Amino acid sequence: MIGPKLAAARAAGALSRRAGRGGTSLPGKVLLRLEPEAIATLSSRLPQGSVAISATNGKTTTAAIVAAILARAEGRVVHNVQGANMAGGVASALLDASHGTRIDGEIGLFEVDEFWLDRVAPQLRPRALLLGNLFRDQLDRYGELETIADRWAAVLDRLPGTRLVLNADDPLVADLGLGRDDPLYFGVEDDAVALAHLPHASDSKHCRRCGTPLAYDAVYVGHLGRWHCPRGDSSRPAPAVTAANIRLDGTRGAQLLLRTPAGDAEVRLGLPGLYNVYNALGAAALALALGISLDDIVAGLEEVRAAFGRAETVQIDGHELAILLVKNPTGANEVLRTLALEAGEIDLLAVLNDNVADGRDVSWIWDADLELLAGSVRRVVCSGTRAPELALRLKYAGIEPERIEVIDDLEAGLDAALAGAGDRLYAMPTYTAMLALRELLARRGSTAGMFT
């Protein structure tokens, strides 16, 4: 009987919240300790089954877009909305929706950490699985990208009934569809937004089949683009869902022509950057794989706003504060590329932490193209556990030392950045710094708090 175990897990979560320790993942962790197959048991009660999303970058935002689409088309969605994406977080979302033998929801939507996919997906047995990208991130935790790709390939062998939705522009991800039934590919097709060359921080540069360096006809984000192996051992699959006529409006949004087998549509995204165009494409492709209408897809795409910390803007002390999460070279480069579109000089709060959830190794900042900020930063305050190293990196990027201030403490750093800023301040925090900033803003009444 799983009922008493559900009650025990809920009680543990309630005690944790009363103690001020949050409680997003703890109930699920307790439940899985008591009942290791709880995810399989509870997800099997969802009338429309479930879908899952995994990627290095963009999982939370893509899931938020899919949630907006599903809410229109499928009714109530059971979703780990707060981004707790390991097994405990998925179990907690299912636990919250469970009432006796009934579950309060039609379909499950689960963002899954890339290193936990092989443990969570076989229990979920999702109707469709979106794999968005693989970028270098937390090498001290994950290892090389090929390690993740191999784990993903192994888990896909255990999901014979799952429709795969894959990014054609990522060589490692696209390769996972070879020899599998009817994968649905998505990708960008607009050379107007292509980079001049492959960035030095690019990750997947070699053919997974023969190891030959890949050739690119267009590069969009990091190693994402139109690619092929010069020896003919692999090439970018033709995507069925694409974006063209892309127009990027700095940190405020983007427009695109969405092309699908169900028809074409103009889309206005309230999310900035080419990286969010990819998130929107993946969400649209996943929804199409579920049979959702193009009208509902477009309405969901245009409705969604930034997930917490992902280009979210809040009001504080008479300023707009735009929060742009950075956690690895490719993600940081896309944020920098977006900031470079802003008119005039910008004021910046840059926060670098090296906590476990950030990755202890912060050498990745030397691979991020912070040189894109040279000449456009009026003033930058560096905070966090590795603030001095970040300040040094910015100096080497070409920002004059007199424009850089180091204040390790986040709250003091925020106050100093606000005091010297114009109407708009941009914050670039790493993951745990973003959570701390959110909590700080919540205490000041600027935004709702998030507890993970």
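The values are calculated or read from the model by the stated rules, or taken from the named source; none is laboratory data. Note that the structure is a prediction, hence the values are computed from the model and not measured. Because the Cβ atoms are built from the backbone with ideal geometry, glycine has one as well, and the counts that use them run over all protein chains shown.
Tabulated data
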{"quantity": "Set D169, D233, D181, D175: member being farther than 28 Å from P122 by Cα and charged (D, E, K, R)", "calculated": "D233"}
{"quantity": "R247 buried (at least 19 other Cβ atoms within 10 Å of the Cβ), at pLDDT 95 or above and among the charged types (D, E, K, R)", "calculated": "no"}
{"quantity": "The range 123-141 residues that are more than 11 Å from A52 (Cα to Cα), paired with ones that are at pLDDT below 95 and of a type in the set (V, I, T) (beta carbon under 6 Å, 6 or more apart)", "calculated": "N133/T56; L134/T56; L134/I148; F135/T56; F135/T330; D137/T56"}
{"quantity": "Count of residues meeting criterion [without any contact (Cβ under 8 Å) to a residue 40 or more places away in the chain and within 25 Å of R438 (Cβ to Cβ)] in the range 65-79", "calculated": "3"}
{"quantity": "Within the range 235-328, strands (runs of 3 or more DSSP E) holding 2 or more residues that are of a type in the set (S, T, Y)", "calculated": "none"}
{"quantity": "Residue within the range 378-392 that is within 26 Å of the chain's Cα centre (by Cα), surrounded by fewer than 22 Cβ atoms within 10 Å (Cβ to Cβ), under 26 Å from A254 (Cα atoms) and at pLDDT 95 or above present", "calculated": "no"}
{"quantity": "Top-ranked residue of the range 356-408 - restricted to ones that are touching a Pro at 6+ places or on another chain (Cβ under 8 Å) and in a strand (DSSP E or B), ranked as farthest from F135 (Cα to Cα)", "calculated": "V406"}
{"quantity": "Which listed residue is in a helix (DSSP H, G or I) and at pLDDT 90 or above, from L440, L425", "calculated": "L440"}
{"quantity": "Single residue of the range 204-214 satisfying the filter (closer than 17 Å to R226 by Cβ and part of a loop (DSSP other than H, G, I, E, B)) that is modelled with the highest pLDDT", "calculated": "L214"}
{"quantity": "Filter pass, R310 being charged (D, E, K, R), crowded, with 23+ Cβ neighbours inside 10 Å and over 24 Å from A416 (Cβ atoms)", "calculated": "yes"}
{"quantity": "Conditions (1) in a strand (DSSP E or B); (2) of a type in the set (G, A, S); (3) modelled with pLDDT under 90: number failed by A84", "calculated": "(1)"}
{"quantity": "Criterion: buried (at least 19 other Cβ atoms within 10 Å of the Cβ), closer than 23 Å to P239 by Cβ, touching a Leu at 6+ places or on another chain (Cβ under 7 Å) and aliphatic (A, V, I, L, M) - qualifying residue of L31, L42, L94, L109", "calculated": "L109"}
{"quantity": "Top-ranked residue of the range 45-71 - restricted to ones that are of a type outside the set (A, V, I, L, M, F, W, C), in contact with a Gly (Cβ under 6 Å, 6 or more places away or on another chain) and in a helix (DSSP H, G or I), ranked as surrounded by the fewest Cβ atoms within 10 Å (Cβ to Cβ)", "calculated": "T60"}
{"quantity": "Candidates A11, A84, A38, filtered to the one that is more than 22 Å from P126 (Cα to Cα), out of contact with any Phe, Trp or Tyr (no Cβ under 7 Å at 6 or more places or on another chain) and among the hydrophobic types (A, V, I, L, M, F, W, C)", "calculated": "A11"}
{"quantity": "Close pairs from the range 409-435: first closer than 16 Å to S446 by Cα, partner at pLDDT below 95 and of a type in the set (S, T, N, Q), Cβ under 8 Å, at least 6 apart", "calculated": "Y426/T251; L435/T452"}
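To keep it simple, each residue is scored yes or no on (1) assigned to a helix (DSSP H, G or I); (2) touching a Gly at 6+ places or on another chain (Cβ under 7 Å); (3) among the aliphatic types (A, V, I, L, M).
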| residue | (1), (2), (3) |
| --- | --- |
| W152 | yes, no, no |
| V155 | yes, no, yes |
| L166 | no, yes, yes |
| G177 | no, no, no |
| R180 | no, no, no |
| F186 | no, yes, no |
